[in-house]
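The values are calculated or read from the model by the stated rules, or taken from the named source; none is laboratory data. These numbers were taken from a predicted model, which means no experiment stands behind them. Note: ideal-geometry Cβ built from the backbone for every residue, glycine included; neighbour counts use all protein chains shown. Accessible surface areas use protein heavy atoms only, side chains included; no ligands, DNA or RNA. Shrake-Rupley method; radii C 1.70, N 1.55, O 1.52, S 1.80 Å.
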Amino acid sequence: MQKHLVLIAGGLLLSACSPAADEPQVSQSEPAVQVDPYNFNENYRGYLETLSSDEFAGRAPASVGEEKTVAFVEGKFREWGLKPYNADDNNYQQQVPLVKMMPYKVSDMTFSSDDLEPLAYRTQMMAWSPRVMEEVAIENSELVFAGYGIVAPEYGWNDYEGLDVAGKTVVVLVNDPGYDTQDPEVFNGKAMTYYGRWTYKFEEAARQGAEGVIVIHETGPAGYGWGVIAGGSPLRFDLARDNNNMDRTAIEGWITDEGADQLFARIGSSYTEMREAAQQPDFEPVSLETGLSVSVSTKFEYLNSPNIIGYIEGKSRPEEHVIYMAHWDHMGVDPINPDDGIFNGAQDNASGTAGVMALAEFWSSQPQPERSIVFVLVTAEERGLLGSNWYANNPMLPVGKAVAGINMDVLNVYGPMNDMVVVGYGNSEVEELLTKYVEQQGRYVAPEPNPEVGSFYRSDHFNLAKVGVPMLYAKGGIDHFELGKEYGAQKRAEYVQVAYHKPADEYDPEWDLRGVQQDLWLYYWVGEELANSQVWPNWYAGNEFRAIRDESAASRQ
């Protein structure tokens, strides 16, 4: 197909970003880089194979696999001449303090009303304490139904208005009113917003001063079944903070929708009726006229694991910077699996780590950009986006001076695709740059197929978004340029069913990596235009992160 043969890099389009009058213009007749569309960096396959090999033992934080991963990446960063994060010690490591939280005893949930049966641990409820305390309990904490548990000024929504939750436990719905109403004028319609994520519910309840917070599970709005919540290990990780998370609620947890029905029935209602009532902007919180008791016993272990950070310093505006990000960690080894206990994490996320490495190597061979390029490989994504959380709040350069970022997580290994899928489509102006270069490849941009499950809030870029940085999370989709959408959809479904978070996520020498190479060109071109212009992309008006970005506008003058 002729449209895939010859492409021209982003330098020829710098004039579209309104550079200063004294900046050199790049002639459209003299492209900055002439490219093979299927070969951005021929070393990519080798990086992918190495990182996902048995030798790297699943790349778990604080393991032998971590040591090998850090040594491999640091060695390459040093070979390519990237500046190290830690200049004093000449290393690329930003240590992330972690705490492993191991609940070993969790009571059932009981209620102060005799007519309510206890909710059983795992089968009807899950509970834990985010606080770093060996023993935590709440006793007869008044239960209040607070709708979706959302405070969203840009949407004119406040479920906590007029409600004092001190000493109380709030019960809230998962997802947001847009999902339930399917009204495009309510929040973001079918697509989940940040306010729909259960992590937000816990954070907001703590800000409101609640003693506990319980989210009601339902498979549709949650995006996964009860087994995902209750079927895995109760082991949790968090950042080790000086305050031991005492600013969080004492108890966080979930209950089934059947459990919620029991609570609502005693006040003459039902889960369905209360969910419908909560969809109204003038909804007022409802006391459930009972108290909740639950206790958690936890053991702790402290450890450190590094983010790996190298950068190319900008020639004229070094504090202004573009970020490339991926997580290097995976799930390590299952010692009781007699056949294959290594979670190699080839697609998740050796593919993205190799992508950042390939970009770093390529950038190191190019002329020095005007703005800095920062390559961040974060730890503990599989433990709750913890490495990116730490970096977002302890950045190498001011986040107000971050131009934008590109995140790479589970890249396309099934060949060239006509579509480039944007997770969180419609969020920021970075998409406009991407679209321009996607169309130059003869391809098209497509939104994610299931925006209601909130995938945009489940990878590392989310933590940068929370501090205002416009982040792009995009990758080749399912519309295979020779074999069509059915083939691409089948391969993605097979991966999810057979390999995702399983030992079967292994490197396959038969993978067609031409699609990854196509996408790496896109990541480079978007980054190159951002790095050599004076453009400052923003979130679109109405986005939940727009106000945070705007607050830092003065730092970019």
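Summary of computed values
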| read-out | value |
| --- | --- |
| In range of the label at residue 199: residues from segment 366-391 whose backbone nitrogen is under 18 Å from the point 7 Å along Cα→Cβ | 376-391 |
| Cα-centre dipole for segment 366-506 with unit charges at Cβ (Lys and Arg positive, Asp and Glu negative), debye to 20 | 340 |
| Ordering of 152-163, 171-182, 362-373 by burial proxy (mean other Cβ atoms within 10 Å per residue, highest first) | 171-182, 362-373, 152-163 |
| Expected 222 nm ellipticity per residue - DSSP helices of 4 or more, -39500 (n - 2.57), all of the chain, to 500 | -7000 deg cm²/dmol |
| Cα lying deepest toward the dipole's positive end in the chain, options 101, 198, 305, charges on Cβ | 305 |
| Chain lengthening between residue 394 and residue 113 when straightened (0.36 nm per residue, less Cα-Cα) | 96.5 nm |
| Equivalent ellipsoid semi-axes, segment 276-396, via Cα gyration tensor eigenvalues times 5, rooted, Å | 39, 26, 15 |
| Estimated FRET transfer efficiency when R0 is 35 angstrom, pair residue 497-residue 95 (beta carbons, to 0.05) | 0.40 |
| Size of segment 338-405 as Cα extents on the principal axes (Å, biggest first) | 53, 30, 14 |
| Gain in span if fully extended, residue 158 to residue 122, counting 0.36 nm per residue against the direct Cα distance | 9.8 nm |
| Directionally averaged shadow of segment 352-454, computed from the convex hull of its alpha-carbon atoms, nm² | 8.3 |
| Over segment 87-141, volume per residue of the alpha carbon convex hull, in Å³ | 130 |
| Most to least packed among 493-499, 202-208, 320-326 [average Cβ atoms within 10 Å] | 320-326, 202-208, 493-499 |
| DSSP-defined beta bridges in the chain - what % are antiparallel, rounded to 5 | 60 |
| Cα pair distances of segment 489-557 binned at 10 Å [whole percent] | 14, 25, 23, 25, 12, 0 |
| Calculated diffusion of segment 416-557, Stokes-Einstein form, Kirkwood radius summed over Cα pairs, 20 °C and 1.002 mPa s, µm²/s | 129 |
| Förster radius 60 Å - calculated FRET efficiency between residue 88 and residue 185, Cβ distance, rounded to 0.05 | 0.65 |
| Computed FRET value (nearest 0.05) for residue 366 with residue 297, which takes r as the C-beta separation and R₀ as 51 Å | 0.40 |
| Computed magnitude of the charge dipole of segment 267-404 (debye, nearest 20; Cβ of K, R +1, Cβ of D, E -1) | 600 |
| Accessible surface, per residue, of the chain when the full set of protein chains is kept, probe 1.4 Å, Å² | 39 |
| Extension gain (nm, one decimal) between residue 282 and residue 432, 0.36 nm per residue minus Cα-Cα | 50.3 nm |
| Under 17 Å from the Cα of residue 485 - aspartates and glutamates, other chains or at least 8 residues apart | 419, 448, 494, 512 |
| Simple label model, 7 Å out from Cα along Cβ direction - residue 105 to residue 265, nm | 3.2 |
| Accessible-area order (highest first, 1.4 angstrom probe) of the listed residues 548, 336 | 336, 548 |
| Above-threshold pairs, the threshold being 28 Å between Cα atoms, out of 105/201; 401/436; 83/502 | 83/502 |
| Residue 241 paired with residue 304, simple spin-label distance in nm, labels 7 Å along Cα-to-beta-carbon | 2.1 |
| The chain - percent of accessible surface contributed by carbon and sulfur, probe 1.4 Å | 48 |
| Kirkwood Rh, Cα atoms: Rg over Rh of segment 217-301 | 1.02 |
